[in-house]
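All remarks here apply to the structure that follows.
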Amino acid sequence: MDGLMPRAALVLALLASTPTLAPAQVGSPAGPVPVEYLAARRADLLKRMGNGVAVIRSSEKRSIEGDYPQDSDYRENNDFFYLTGLETPSSWLVLIARDTLPPQVYLYLPARDSMAERWTGARLGPGAEATALTGIEDTRAADLAERQIRSFVRSRTLQGGTFYLLLGKEAERDTFFQQLALGTGAGVSDLRPLLDAMRLVKDSDEMRRMRMAAEISAKGHVAAMRVARPGAWEYQLEGAAEGTFRSLGAERLAYPSIVGTGINATTLHYDRSRSQLQAGELVVMDMGAEYGFYAADITRTIPVSGKFSPRQLQIYNLVLATQQAALDSIKPGITLGRLGQIAREYMKEHSGDLCAPGTCDRYFIHGLSHWLGMDVHDVGNYATPLAPNMVFTVEPGIYIPEEKLGVRIEDDVVVTATGYELLSAGAPRTAAEVEKVMGARK
Ligand code: GLY
Ligand code: MN
Ligand code: MN
């Protein structure tokens, strides 16, 4: 059973008694996901499942010898974190939905190991503490997981039911899942669409994290604007932003930072950051923080000298107006595909002779928007009509390599009942706002 809520006092007592334990964002800047949110997400998923068994695995630790010099940055699988709030390697979440009986939820965690904990810190094992953090009453040792999951899937309770798996690349590589799927009489279904539809609409704990990610990222952009000048290096702008992200509580980057000056500004995912800024160039800075597992994705384009040239300003303002035309069209019911068309049509119609012969939309070589959430290019069906609390980017651009001129403006928005709210409003966006911040450089 998944419904019983631990009393707040019990949670606090358990957390206070284990100050070194950090299995669930305890002590992280974003804090743990409140148990009531986790329970609500699991209840929602169980309802969507109808009659079936779903298995969601945590991430695995990376090998110290093989993968990374140290494994200090364990990042939990997004779906596992979304449903448990935990950061626990080699763990399993099993949800069983049945037509006529109450649902069952099992959390499998590796047993504690005092020798291993001397190296990598205290871990969470099955028991009362795991229950307090997740709201899942039935916690079990992970070495029981495979045998028990097999029996759940084969059990009579699932006759006629569905066996839900995340059928991505990970599951394809996973021999346990493959054998189980082959060996069961139950129909095997992809859990992805059910979870994606849920993750597309953010709850208020997710929105708190997303707002903070965007706010921190905006401050990082301002810090980068302040160090930009002729002679500065791309990596110095990147360092100023990333240091700001980290000092404001971001635990990771949402994606590798992109800072490209001059011709590099026309390479969409340029990530070397090795060039020196020259007077007269534009710099495209696409940088975002991850805060409490949620991403921001912001791009600003700035003039190295502090002032846009007349030509740069015309292109910049066309990109900005295109973005505004898309933003003004956001409302529940419209699709991202339609917003993309609106942006492209706007740019085409308002190009004048800026990109003659032809119109500037031929230099807008990527899509307008993507879903944003636990991943920077987050899960979700792109045909879904917008609804409140969906979050995505709006990012038109014009890239003209022959002029070494690239402009992208990227903001993060959440859909409201009547329109949108700009989450990334803290980053100067109009040319005048950008010039003002750059004019105040020391
Ligand atoms: N930062 C990657 C993107 O804008 O999609
Ligand atoms: Mn983006
Ligand atoms: Mn971006």
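The values are calculated or read from the model by the stated rules, or taken from the named source; none is laboratory data. All of these numbers come straight from a predicted model, not from anything done at the bench. Counting neighbours? That spans all protein chains shown, and the Cβs are built from the backbone with ideal geometry, glycine included. Please note that ligands, DNA and RNA were not included when accessible areas were found on the heavy atoms of the full protein model with its side chains. Shrake-Rupley method; radii C 1.70, N 1.55, O 1.52, S 1.80 Å.
Brief remarks on what is shown
- Taking 20 Å as the straight-line reach from the Cα of K307, the lysines in range (excluding those fewer than 8 positions away in the same chain) are K404, K436, K442.
- Computed from Cα positions, the angle between helix 336-349 and the longest principal axis of the chain comes to roughly 0 degrees.
- Model label points for S151 and K348, set 7 angstrom from Cα along the Cα-to-Cβ axis, are 6.3 nm apart.
- The chain, accessible surface, carbon-and-sulfur percent (1.4 angstrom probe): 54
- A dipole drawn for the chain from +1 and -1 charges on Cβ atoms has a positive end, and of T359, L144, M115 the residue lying farthest that way is M115.
- Cβ charges +1 (Lys, Arg) and -1 (Asp, Glu), total dipole of the chain, debye: 240
- D203-T335 pseudo-label distance in nm [points 7 Å out on the Cα-to-Cβ vector]: 2.9
- Dipole in debye (nearest 20) - region 208-278, about Cα centre, beta carbon charges: Lys, Arg +1; Asp, Glu -1: 220
- Here the gap between Y74 and A356, fully extended at 0.36 nm per residue and compared with their Cα-Cα distance, gives a gain of 96.5 nm.
- For T416 and L144, the difference between the fully extended length at 0.36 nm per residue and the C-alpha to C-alpha distance is 93.4 nm.
- Ratio of Rg to Rh for the chain: 1.02 [Cα atoms; Kirkwood radius as inverse mean 1/r over pairs].
- Taken along the Cα-to-beta-carbon direction at a fixed 7 Å, the label points for A128 and R441 span 5.9 nm.
- On a per residue basis, region 307-429 carries 40 Å² of accessible surface, using protein heavy atoms and a 1.4 Å probe.
- Peptides 142-149, 290-297, 301-308 ordered by packing proxy, namely the average of other Cβ atoms within 10 Å per residue, highest first: 290-297, 301-308, 142-149.
- Lysines whose Cα lies under 18 Å from that of K61, excluding same-chain neighbours fewer than 8 positions away: K169
- 0 to 90° range, to nearest 10: angle between helix 145-154 axis and the chain longest Cα axis: 80
- At 1.002 mPa s and 20 °C, Stokes diffusion of region 24-63 via Kirkwood alpha-carbon radius, µm² per second: 169
- Rg over Rh, two decimals, region 314-361 (C-alpha only, Kirkwood Rh): 1.03
- Separation between Cα centres of region 322-381 and region 206-223, rounded to whole Å: 23
- In the chain, the longest principal axis of the Cα atoms and the axis of helix 8-17 are about 90 degrees apart.
- Partners of K202 within straight-line reach, counting lysines whose Cα lies under 19 Å from its Cα and excluding those fewer than 8 residues away in the same chain: K47, K331.
- Proportion of all alpha-carbon pairs of region 301-384 beyond 15 Å (%): 64
- Vicinal HN-Hα couplings computed from phi for region 304-316 (Karplus, 6.51 cos²θ - 1.76 cosθ + 1.60; Hz; Gly/Pro x): 4, 7, x, 10, 6, 6, x, 5, 4, 5, 5, 5, 4
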